[in-house]
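Each remark here refers to the structure printed beneath this line.
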Amino acid sequence: MKKTLIAGAVMLAVAWGHAADAPRLLAHRGGGREYDENSLGAFRASYDKGLRGFETDIRLTKDNVLVLLHDNTLERTTTGTGAIEDLTVDEVKALKLKKSGESIPLVRDLFEYLKDKTDIFIELEMKTNTKLYPEERLEIYCKALYEAATTTLSRGTYIFTSFDKRTLSTMKRLYPDADIGLIVGGGLDEKVIKTALELGCKRIAPTMDTTTRKAVRDAKKAGFGLTGWPTLSEADYALGAALGFDCLTTDYPVKLHESVKAGTLR
């Protein structure tokens, strides 16, 4: 009975979405639970399966090279230890991702793959924090990322996002034309909308469970795009569509993309 109700909700959400732009699925970390997270293989596989939305995490090596990695330390996903920020790019190149055996991708490798794909949208999450990225490192980081994105990717296909308001402020101060987005670890509300406005954000990414339709309407009225998370099931997709999010990040991009496309559950 429960599965039938969810299926009905998804079908209604998809039908509603097609009438008013269904939420775009973003392959979180390239598809973190279907492939090796933040690997080039994950992005290629998700794209080949029809995904046109992505999300990734970006860090800076000791010698100022941008790399893809989510965690503050290397142990969970790679053969390395400690912080990637303490390694040179040559030291990073000697490491492997545990699941696939691929090398840890450099940002330029991902951007090179995406550069001719004008039908995509990618959220570039700036994985900074006060411990690993003091103020003097933020400008170096933002300059490197802005240059890499603007010289390789098509304008409008990417946005710089972060939980770290310092980094968003730095990016916007250095580059007023940069599109930035605030990620929050809770629901959307008046305070979050006010903060995003003050930062000059174009997009907000709150969690969906405690976000109301009124908050979504208020954010849209203020001109924000909205990315909902987490999206781990068809029920989550239905919730995001019903609330009015235009993007949803998911660790199961291929599964949900196929279910939404077919209008069925898998």
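Values quoted throughout were computed directly from the atomic coordinates according to the rules given, and no laboratory measurement underlies them. On a predicted model such as this, the values are computed, not experimentally measured, just so you know. Quick reminder, even Gly has a Cβ in these numbers, built from the backbone with ideal geometry, and neighbours come from all protein chains shown.
Straight-line reach from Lys99: taking Cα to Cα under 14 Å and skipping same-chain neighbours fewer than 8 places apart, the aspartates and glutamates in range are Glu34, Asp36, Glu37, Glu75. Taking the chain as a Gaussian network of alpha-carbon nodes connected by springs under 10 Å, the highest mean-square fluctuation of the residues Leu110, Leu40, Leu174 belongs to Leu174. Taking 17 Å as the straight-line reach from the Cα of Lys117, the aspartates and glutamates in range (excluding those fewer than 8 positions away in the same chain) are Asp48, Glu55, Asp109.
In terms of distances greater than 28 angstrom between alpha carbons, the cross-link table entries Lys49/Lys191; Lys143/Lys202; Lys96/Lys165 yield Lys49/Lys191; Lys96/Lys165.
Kindly provide the Kirkwood hydrodynamic radius of segment 76-142 in Å, to one decimal, from all pairs of distinct alpha carbon atoms.
On the way: mean 1/r = 0.0708 Å⁻¹.
14.1 Å is the Kirkwood radius here.
Contact order for segment 111-266, expressed relative to its length and based on alpha carbon pairs under 8 Å spaced 6+ residues apart, stands at 15 percent. Defining a contact as two alpha carbons under 8 Å apart and six or more residues distant in sequence, what relative contact order in percent does the chain show? For the chain, the relative contact order is 23 percent. Counting only residues at least eight positions apart within a chain, or on another chain, the lysines with an alpha carbon under 16 Å from that of Lys93 are Lys62. The Cβ shell under 11 Å around Thr249 holds other residues with a net charge of -3, Lys and Arg each +1, Asp and Glu each -1.
Counting beta carbons within 10 Å around each of Ile84, Ile140 and listing the fewest first gives the order Ile140, Ile84. Each Cα pair under 8 Å and six or more residues apart adds its separation to the average, and for segment 64-166 the resulting relative contact order is 29 percent.
What is the sum of charges around Thr207, taking Lys and Arg as +1, Asp and Glu as -1, for the other residues whose C-beta is under 14 Å from the C-beta of Thr207? Net local charge, Thr207 excluded: -3.
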